[in-house]
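Chemist: Pasting in a structure now, in structure tokens, and then I'll have a few things to ask.
The values are calculated or read from the model by the stated rules, or taken from the named source; none is laboratory data. Predicted model only: the values in this text are computed from it and were never measured. Reconstructed Cβ throughout: ideal geometry from the backbone, glycine too, with neighbour counts over all protein chains shown.
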Amino acid sequence: MDKERLVEPYGDLNIELLKDFTDAKGVSGNEKEASRVMKKYLEGYVDKIGYDNLGSIYGVKKALEDNAPKVAFYGHLDEVGFYVKSIEDSGLLRVVNAGGLWPHVLLSQEVCVTTRDGQELFGMIGALAPHGMPPEVAKTVKELDELYIDIGVLDKQEALDKGVRIGDMVTLVSEFKILANPNYLMAKAWDDRIGAAIATEVVRRLKDEKLKADVYAVGTVQEELGLRGAKTAAWATEPDIGIALDVTLASDVPGAKYGVPLGSGATLGIMDGSVVANRELVYFMEDICKELGIDYTFDLFLKGGTDSGEIHKTKSGIVNMTLSIPARSIHSQRGIIHRKDVEDTINLLVNFAKRVDWDLVKKLQMSNR
């Protein structure tokens, strides 16, 4: 299929589901709102919903028979953001980074401070006007500790009266939008709500299937702070096959030296900075794509890691790989993805889940021996 000629919405994506996932506020370490969204969309489609003790959520659709193999799809629920570090006498807030937001993209952006009691206070990341600035100053990029958040209060006491406290979560504000070509979707937190949304949609589409394996949809926490939730979630679910779902860099933007073009289909991860995929699992996924006519490409992303980095090391080792969705402008207040990549990945995983049985698991486990 020529992706350049896709002018009508591709596939049958649940847009309300995607909007609810990305609208939720959930900086690393404070993902409860996002996990509640995932729970809402899992209910009625899985046999059990559970949590680990860090807050990662999982739903499992059971196989027809007991003692079936287990396959789990992991997408992390946390998004990059901030926590309040201090309150100035002026009422301006200073923050610390939670997950790697780049100061280049932050000035003048709208943010939301969520207080202990759940109140939402909106503001902006302050920026000095350029008038009268020396050129050498105007050209520099501010460090995070030079930036401040202005919630529009008179002084520190008014900020405290509004409920602001040290440690309050600060999220970027961005509205979900369908763009000029309806296959392009813009929102905050595609990294990695899209992975969690895909895992959720896979088990929803498997609702009436008679499976030979238990299938888990897992929403992990604290990925952006070091794959923390993936470690505990993998122990909680104990899969025989564990697949991480995440974003990768888009190559179809000016200056890009690496990545995958939007609209390429399913992206099969060979390796990243945290894992080398089980090669036979990659081959198996590729064969499904060829059989079903699903467009696919490969990815080697060595500049960062994914939840696979902890999943594959759990217990005596888990057969593992990562599937990715190329996204423009990740780790900013807005990103853009393509419906085809999401729909093709869901289609691949639904068909993969139908084929998992003990014979496949044992073949994959033996592939490195």
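Chemist: Please go through segment 113-143 and give me each residue that is within 18 Å of H331 (Cβ to Cβ) and modelled with pLDDT of 90 or more, ordered by number.
Modeler: I125 - this is the single residue of segment 113-143 that is within 18 Å of H331 (Cβ to Cβ) and modelled with pLDDT of 90 or more.
Chemist: Residues of segment 102-119 being surrounded by 10 or more Cβ atoms within 10 Å (Cβ to Cβ) and over 17 Å from S174 (Cβ atoms), which ones?
Modeler: Once the filter is applied, which keeps residues that are surrounded by 10 or more Cβ atoms within 10 Å (Cβ to Cβ) and over 17 Å from S174 (Cβ atoms), segment 102-119 yields P103, T115, R116, Q119.
Chemist: Can you pull out the residues in segment 120-178 that are surrounded by 13 or more Cβ atoms within 10 Å (Cβ to Cβ) and among the acidic types (D, E)?
Modeler: D150, D155, E158, D168
Chemist: While we're on this one: Here is a list of conditions, (1) assigned by TED's automatic domain parsing to the domain that holds D89; (2) assigned to a loop (DSSP other than H, G, I, E, B), and E158 meets all of them except one; can you say which number that is?
Modeler: With (1) assigned by TED's automatic domain parsing to the domain that holds D89; (2) assigned to a loop (DSSP other than H, G, I, E, B) applied to E158, the lone miss is (2).
Chemist: Can you pull out every residue in segment 201-215 that is out of contact with any Gly (no Cβ under 7 Å at 6 or more places or on another chain) and closer than 18 Å to F21 by Cα?
Modeler: E201, V202, R204, R205
Chemist: Could you go through segment 67-76 and let me know if any residue there is within 30 Å of A213 (Cβ to Cβ), among the charged types (D, E, K, R), assigned to a loop (DSSP other than H, G, I, E, B) and in the same structural domain as F352 (by TED's automatic domain parsing).
Modeler: No, the conditions are met nowhere in segment 67-76.
Chemist: Is it the case that some residue within segment 182-205 is in contact with an Asp or Glu (Cβ under 6 Å, 6 or more places away or on another chain), over 28 Å from V96 (Cα atoms), surrounded by fewer than 24 Cβ atoms within 10 Å (Cβ to Cβ) and touching a residue at least 40 places away in the same chain (Cβ under 8 Å)?
Modeler: Checked against the condition, which is being in contact with an Asp or Glu (Cβ under 6 Å, 6 or more places away or on another chain), over 28 Å from V96 (Cα atoms), surrounded by fewer than 24 Cβ atoms within 10 Å (Cβ to Cβ) and touching a residue at least 40 places away in the same chain (Cβ under 8 Å), segment 182-205 yields no hits at all.
Chemist: Quickly run through segment 285-313 and pick out the residues that are within 25 Å of G219 (Cβ to Cβ) and part of a helix (DSSP H, G or I).
Modeler: M285, I288, S308, G309, E310, I311
Chemist: Take the residues of segment 235-264 that are under 20 Å from I294 (Cα atoms) and over 13 Å from the mean Cα position of the chain (by Cα): which is modelled with the lowest pLDDT?
Modeler: G259
Chemist: Shifting gears a bit: With the requirement that a residue be outside any loop (DSSP other than H, G, I, E, B), in contact with a Pro (Cβ under 8 Å, 6 or more places away or on another chain) and under 19 Å from Y83 (Cα atoms), what does segment 118-145 give you?
Modeler: Result: L144, single match.
Chemist: Collect the residues in segment 314-369 that are of a type outside the set (A, V, I, L, M), surrounded by 21 or more Cβ atoms within 10 Å (Cβ to Cβ), within 17 Å of the chain's Cα centre (by Cα) and over 25 Å from P9 (Cβ atoms), keeping them in residue-number order.
Modeler: The one that is of a type outside the set (A, V, I, L, M), surrounded by 21 or more Cβ atoms within 10 Å (Cβ to Cβ), within 17 Å of the chain's Cα centre (by Cα) and over 25 Å from P9 (Cβ atoms): T322.
Chemist: Which of (1) touching a Phe, Trp or Tyr at 6+ places or on another chain (Cβ under 6 Å); (2) at pLDDT below 95 is the odd one out, the single condition V95 does not satisfy?
Modeler: (2)
Chemist: Out of Y74, Y58, report the one residue that is in contact (Cβ under 8 Å) with a residue 24 or more places away in the chain, closer than 29 Å to G293 by Cβ and in contact with a Ser or Thr (Cβ under 8 Å, 6 or more places away or on another chain).
Modeler: Exactly one residue qualifies, and that residue is Y74.
Chemist: Can I ask one more? Residues that are over 30 Å from H312 (Cβ atoms), of a type outside the set (V, I, T) and in a strand (DSSP E or B): does segment 87-107 have at least one?
Modeler: yes
Chemist: Look through T232, T200, T267 and report the one residue that is at pLDDT 95 or above and either assigned to a loop (DSSP other than H, G, I, E, B) or closer than 18 Å to V46 by Cβ (or both).
Modeler: So the residue among T232, T200, T267 that is at pLDDT 95 or above and either assigned to a loop (DSSP other than H, G, I, E, B) or closer than 18 Å to V46 by Cβ (or both) is T200.
Chemist: Filter segment 33-51 down to the residues that are in a loop (DSSP other than H, G, I, E, B) and in contact with a strand residue (DSSP E or B) (Cβ under 8 Å, 6 or more places away or on another chain) and list them by number.
Modeler: Hits for segment 33-51 are E43, Y45, V46, D47.
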